[in-house]
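The values are calculated or read from the model by the stated rules, or taken from the named source; none is laboratory data. Note that the coordinates shown come from a computational prediction; the quantities given were computed from them, not determined experimentally. Virtual Cβ from ideal backbone geometry, glycine too; neighbours counted across all protein chains shown. Remember, those area values only see protein heavy atoms, side chains included, never the ligands or the DNA or RNA. Shrake-Rupley method; radii C 1.70, N 1.55, O 1.52, S 1.80 Å.
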Amino acid sequence: SSQYFASRIANEGLMNSVTFIVGLKFGTAVLGYYSLAEKLYRAFYSILGPINQALYPFMAKTKDIYKFIKISSITIIAGFFGSVLCIIIAPYLYNILFPEVSAESVEIFQILCLATFFGVPNALVGFPLLGALGYVKYANYSLLYGSFIAFCFLISAWFLNLPFKYFAVTIIVYELISLTTRLFYVGKLKVFRYEKKVNL
């Protein structure tokens, strides 16, 4: 349970740290732009939740790697095109729903949409795969590694006085590092060879 606790703290702590530091460095107006974009991003990302919740018990029971790959491939492709669509229509969506919001908020939302390119496969490789097959610590540790490196990037952005849109890139760094770490463990543990054992 301590691993779950640490990974959840790392995840939420990073998200809240970005929000806090953006507000501290750039003021309440910019914080409002960022917060609005982040809420839209989280709403889009939450669509993945039911898929993960359904896949985890299925994988824990069946260990069916083939079906996992099939479902995950469809989800990742759908998520990719959904993200691209959101990036394209974001300016028009903001003009309709939030006509008084700065264009910079649109750019932040588009950057966060890019994070889903890595976030969707990252979430799927986590507990529906590694966790369900008994490799919980690797699924959790990957989030700790991702949070640490992303936090270092966030602090660097602060001291380098980068524009506030670069602070949103912190989320991309987090998702990318976490995904890369999880894929490394998938390869190291030879997870996809489990299907051959089941078929035997």
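Data overview
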quantity	calculated
Total residues in region 87-105, condition among the charged types (D, E, K, R) and either in contact with a strand residue (DSSP E or B) (Cβ under 9 Å, 6 or more places away or on another chain) or surrounded by 12 or more Cβ atoms within 10 Å (Cβ to Cβ) (or both)	1
Test result for Leu144, buried (at least 18 other Cβ atoms within 10 Å of the Cβ) and touching a residue at least 40 places away in the same chain (Cβ under 8 Å)	no
Selection count, region 49-66, where residues are loosely packed, with under 14 Cβ neighbours inside 10 Å and either among the charged types (D, E, K, R) or farther than 15 Å from Leu133 by Cβ (or both)	5
Which listed residue, of Ala10, Ala43, is closer than 30 Å to Ser102 by Cβ and of a type in the set (A, V, I, L, M, F, W, C)	Ala43
Hey, Gly187 farther than 29 Å from Ser35 by Cα and either among the charged types (D, E, K, R) or at pLDDT 90 or above (or both) or not	yes
Any chance Val173 is within 19 Å of Met15 (Cβ to Cβ) and not polar (S, T, N, Q)	yes
Residue in region 11-20 that is nearest to Leu154 (Cα to Cα), counting only those that are more than 12 Å from the chain's Cα centre (by Cα) and open to solvent by 20 Å² or more (accessible area, probe 1.4 Å)	Ser17
Region 21-46, subset without any contact (Cβ under 8 Å) to a residue 12 or more places away in the chain and within 20 Å of the chain's Cα centre (by Cα), residue most open to solvent (accessible area, probe 1.4 Å)	Lys39
Criterion violated by Glu195 - all others in (1) of a type outside the set (Gly, Ala, Ser); (2) at pLDDT 90 or above; (3) open to solvent by less than 50 Å² (accessible area, probe 1.4 Å) satisfied	(2)
Answer from Phe159, Phe167, Phe148, Phe127 - the residue that is more than 16 Å from the chain's Cα centre (by Cα) and of a type outside the set (A, V, I, L, M)	Phe159
Residue in region 102-110 that is under 16 Å from the mean Cα position of the chain (by Cα) and touching a residue at least 60 places away in the same chain (Cβ under 8 Å) present	yes
Odd one out for Tyr185, checked against (1) closer than 23 Å to Gly82 by Cβ; (2) hydroxyl-bearing (Ser, Thr, Tyr); (3) over 16 Å from the mean Cα position of the chain (by Cα)	(1)
Pairs with Cβ under 9 Å, 6+ apart, first in region 113-132 and buried (at least 21 other Cβ atoms within 10 Å of the Cβ), second not in a helix (DSSP H, G or I)	Leu129/Tyr135; Leu130/Leu189; Ala132/Lys63
Meets criteria (modelled with pLDDT under 90, of a type in the set (Phe, Trp, Tyr) and farther than 18 Å from Pro121 by Cβ) for Tyr4	yes
